[in-house]
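Notes for the one structure printed next.
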Amino acid sequence: MDVLRAATTIGRVWRHVFLDAFLAPRRFRRLMPELRSICDAEYHPGIADVAVFDLPGKGPIQILDLDGSRGGMYSDDLYALLRVVRWLKPRRIFEIGTYNGFTTAHLAINSEAEVYTLDLPLELAGDLAGYTVDEKNLVHRKDQIGSFYRGLDVRERIHQLFGDSRTFNFAPYCGSADLVLIDACHLYDWVISDSDRAFQLLGESGVILWHDFASIADVTRACMHLAKKTLIFHLQATWLALHARGISIPGSRPVASGNVPASHETVLG
Ligand SMILES: C[S@@+](CC[C@H](N)C(=O)[O-])C[C@H]1O[C@@H](n2cnc3c(N)ncnc32)[C@H](O)[C@@H]1O
């Protein structure tokens, strides 16, 4: 959506919302989070959209299960992520947030990469101070983490790591990843912390992807904060944001809000 049109529409909606806050406060509280997430999806100044179909690397993509019952990413997001994988042909992938390993398996079967994936099992989690109920519900026992990929041949290329991404020692992996996927705790401070680690994990060239951008408010806010210092794109019609180092992004245009940093890392295509 054109930025100006989005801003006008959203401005109009917000005026009604604030009126509601006085006239119907209960409805206001119920609808607020939903409205905020819709606004984030449509309007994220400083982060330009890139069409997934503009990315090179067309070719067969293997998806194992489309019925949506296995957790992990929605098919549209998974497809976009795997288009990036097909395009970049990464040799080392680092995923922060394994869950049942559905996405991990797809990263492996659609590449020849060694896939490192980190998750925080309940056994190591302590009291999860600061986590919301939704975030706590995503944390599982060690034997449940990665259950999806365990029966697959690609399992040999998947390296399961356990620990809290805020305290984990990433040093052995720094500077070596071609693709980093951030999809662990979705709270602002955790996303910022995982992003800092992801920038360290990247090698001379590669990409970082954030899942749940434009879907979960804290992830969107964290990406918008990072976009003040470095270029981040939204993969249109998905919940993925992308940063590229040393790689040209096809179809990208300069961001609209004028906050492109003077020395950004991405080479515009
Ligand atoms: C949304 S799920 C990951 C989904 C997975 N990437 C996929 O697409 O199938 C989030 C995962 O992050 C893990 N997690 C939460 N906090 C974490 C932390 N501090 N460090 C590492 N992993 C964490 C949870 O245990 C959960 O498995």
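Selection over segment 1-52 of residues that are of a type in the set (Asp, Glu) and not in a helix (DSSP H, G or I) gives a count of 2.
Results for (1) modelled with pLDDT of 95 or more; (2) of a type in the set (Lys, Arg); (3) assigned to a loop (DSSP other than H, G, I, E, B), shown as yes or no for each residue.
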position	(1), (2), (3)
166	yes, yes, yes
169	yes, no, yes
175	yes, no, yes
193	yes, no, no
200	yes, no, no
254	no, no, yes
257	no, no, yes
262	no, no, yes
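Considering the conditions (1) touching a Pro at 6+ places or on another chain (Cβ under 6 Å); (2) open to solvent by 40 Å² or more (accessible area, probe 1.4 Å), residue 178 is excluded by exactly one of them, (2).
Would you confirm whether any residue within segment 205-215 is of a type in the set (S, T, N, Q), open to solvent by less than 10 Å² (accessible area, probe 1.4 Å) and in contact (Cβ under 8 Å) with a residue 12 or more places away in the chain? Looking through segment 205-215, none of the residues is of a type in the set (S, T, N, Q), open to solvent by less than 10 Å² (accessible area, probe 1.4 Å) and in contact (Cβ under 8 Å) with a residue 12 or more places away in the chain. Within segment 43-53, the set of residues being loosely packed, with under 14 Cβ neighbours inside 10 Å and touching a strand residue (DSSP E or B) at 6+ places or on another chain (Cβ under 9 Å) comprises just one member, 51. Listed by position, the helices (runs of 4 or more DSSP H) enclosed by segment 66-126 that each have at least 1 residues that are within 13 Å of the ligand (Cβ to nearest atom) and under 17 Å from the mean Cα position of the chain (by Cα) are 75-88, 102-109.
Would you confirm whether any residue within segment 171-190 is under 21 Å from the mean Cα position of the chain (by Cα), more than 24 Å from residue 75 (Cα to Cα) and within 12 Å of the ligand (Cβ to nearest atom)? Yes, the conditions are met somewhere in segment 171-190. Return a yes/no flag: does segment 216-235 have any residue that is open to solvent by less than 60 Å² (accessible area, probe 1.4 Å), modelled with pLDDT under 95 and assigned to a loop (DSSP other than H, G, I, E, B). Checked segment 216-235: at least one residue is open to solvent by less than 60 Å² (accessible area, probe 1.4 Å), modelled with pLDDT under 95 and assigned to a loop (DSSP other than H, G, I, E, B).
Scanning segment 135-148 for residues that are more than 8 Å from the ligand (Cβ to nearest atom) and free of Cβ contacts under 8 Å to residues at least 24 places away in the same chain returns 136, 137, 141, 142, 143.
Look through 16, 44 and report the one residue that is of a type outside the set (Ser, Thr, Tyr) and closer than 20 Å to residue 244 by Cβ.
44
The values are calculated or read from the model by the stated rules, or taken from the named source; none is laboratory data. Quick caveat: nothing in here was measured; it's all calculated off a predicted structure. Positions of Cβ are backbone-derived with ideal geometry, glycine not excepted, and every protein chain shown enters the neighbour counts. Note: areas computed on protein heavy atoms with side chains; ligands, DNA, RNA excluded. Shrake-Rupley method; radii C 1.70, N 1.55, O 1.52, S 1.80 Å.
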